[in-house]
Amino acid sequence: MPKPDAPRRPFNASRRRLQIAAAAVFLLAVAALAILYAAGVIAGGPEVPDDAIPFALAADGGCEPDEVSAAAGRQDFAVVSRARQARSWRLSAGGLVVAEAADVAPGETRVVSLTLWPGDYGLACEASGKAGILHAVAPKASGDRPAEAGIESAFAGSLAAYRTYLDREGASLSRELEKLRRAVVAGNLADARTVFLAARLPYDRLEPLALRFPELTARIDAEAEAFDRHAADPHFSGFHRIEYGLFARNGTEGLAPVVAALEGDVKALRAKLKALPLDPGMLVKSAARICDRLAAGQVVMGRDLYSKTDLADIRGNVDGIDAILSALKPAETLAPKRMRDAEAKRAAVDAAIADLEANGRFISYDTVEYQDRGELSFHFNALAAPLDRLEPVLQGR
């Protein structure tokens with residue numbers, strides 16, 4: 001006996017409409033994703049500005065191009081990877097990475113935006129042994145209107161003045177070293193000591209930015225304890241080697257080549273400072289860094305072990321911090337409370353240093369009590385805090 005047919009489900013119009021609607025939503029979603037991908041809203045296809053500066057991570061690990069010039073101001077960089085694995089692209093100024101496209105996958109494009117300040121930036125592509133360079137050129141003004149805009153315009157005058165300050169102190173340092181070389185060659189110990197102390201001051205004023213170049217400062221200002229054989233180590237060089245000869249060994253013998261090498265390193269430092277982009281964020285970070293360095297041990301332990309003239313060096317560092325704060329004066333409109341806080345903490349540093357003077361002269365550092373050193377260290381640490389808080393404001397974060 002044949003089985004009766006299974007009862008058919010009645011036609012459900014509403015279910016059918018739901019299926020059609022779901023399919024339509026799916027197709028619309030696919031179309032939307034395609035549009036977003038093309039517009040660069042989702043990863044994998046960023047929207048590249050027409051005037052973006054192109055860079056490629058080459059298959060061999062290098063950068064293409066490895067040298068380029070661009071106008072200072074806000075710029076976009078389009079970084080595309082032709083490498084076989086994820087690579088990174090970086091721009092740096094004075095050893096500080098200021099822009100990065102990290103782990104760019106093969107075939108991927110990244111857009112990086114940055115405000116360039118006039119000067120030379122280091123260009124590095126991961127796995128490349130060759131360092132590149134980006135020259136940021138100040139745009140020319142037209143008519144009566146300046147070329148800069150926004151934050152660049154606000155800081156243009158004060159940064160130009162600070163650039164002049166760096167040039168002036170660098171020139172003073174070179175002149176004093178030339179005098180020192182002549183005194184050393186003549187065997188005049190008294191003159192050599194006097195000129196040595198005079199040469200330290202302009203270097204101290206440059207030190208907040210000089211520390212951006214550790215390969216040079218390691219030769220210019222390294223202490224004996226940094227070397228295996230301390231003061232007897234043949235690699236011991238720079239200011240402290242000269243200080244050791246003049247104030248510990250009480251002579252000028254063997255110092256002429258040390259002074260000559262120091263002159264060469266200072267010449268290289270001046271060239272690097274001349275090309276360094278003066279970014280307000282980098283400047284305030286440099287001021288905070290020298291404060292941290294002083295607070296973390298230099299003030300407490302001392303560095304001028306042979307001449308005992310640490311207070312003069314500290315005064316020179318404070319002069320350098322003052323010059324940076326003057327360059328950052330326009331920040332008073334951007335972050336008035338933080339600037340006032342920094343200036344108040346700076347005044348407290350001055351008062352602490354003044355307490356260590358006698359008859360208008362700094363006392364020998366070996367006579368400064370550790371309690372007084374600790375108080376001075378505290379004030380430098382306190383000054384570093386508002387400077388650190390200024391940095392993100394000046395970087396636009």
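Values quoted throughout were computed directly from the atomic coordinates according to the rules given, and no laboratory measurement underlies them. Given the structure is predicted, the values throughout are model-derived calculations rather than measurements. Counting neighbours? That spans all protein chains shown, and the Cβs are built from the backbone with ideal geometry, glycine included.
Odds and ends about this structure:
- A straight line joining the Cα centroids of the range 358-397 and the range 285-330 runs 7 Å.
- Separation between Cα centres of the range 148-195 and the range 203-234, rounded to whole Å: 18 Å
- Fewest-first sequence of 270, 361, 241 by Cβ atoms within 10 Å of each Cβ: 361, 270, 241
- Charged-residue dipole, Cβ positions (Lys, Arg, Asp, Glu), the range 53-137 about Cα centre, Debye nearest 20: 100 debye
- With a threshold of 23 Å on the Cα-Cα distance, the over-threshold entries among 285/329; 274/345; 179/285 are 274/345; 179/285.
- Cα-projected label distance for residue 250 with residue 340, points at 7 Å along beta-carbon direction, nm: 5.6 nm
- Spin-label model, residue 84 to residue 326: label points 7 Å out along the Cα-to-beta-carbon direction sit 5.6 nm apart.
- Within the range 53-137, percent of DSSP bridges classed antiparallel, to nearest 5: 70 percent
- Residues 365, 121, 370, ranked from the fewest to the most other C-beta atoms within 10 Å, line up as 370, 365, 121.
- Spacing of the modelled spin labels on residue 174 and residue 263, each 7 Å from Cα toward Cβ, amounts to 1.1 nm.
- Highest mean first, the peptides 346-358, 252-264 sorted by other C-beta atoms within 10 Å per residue fall in the order 252-264, 346-358.
- Think of the range 279-397 as a dipole: +1 on every Lys or Arg Cβ, -1 on every Asp or Glu Cβ, centred on the Cα centre; then among 300, 365, 385, 385 lies furthest on the positive end.
- Dipole check for the range 195-303: with +1 at the C-beta of Lys and Arg, -1 at the C-beta of Asp and Glu, and the Cα centre as origin, the magnitude is about 360 Debye.
- Among 81, 158, 364, the ranking by other beta carbons within 10 Å of each residue's beta carbon, starting with the fewest, stands as 364, 158, 81.
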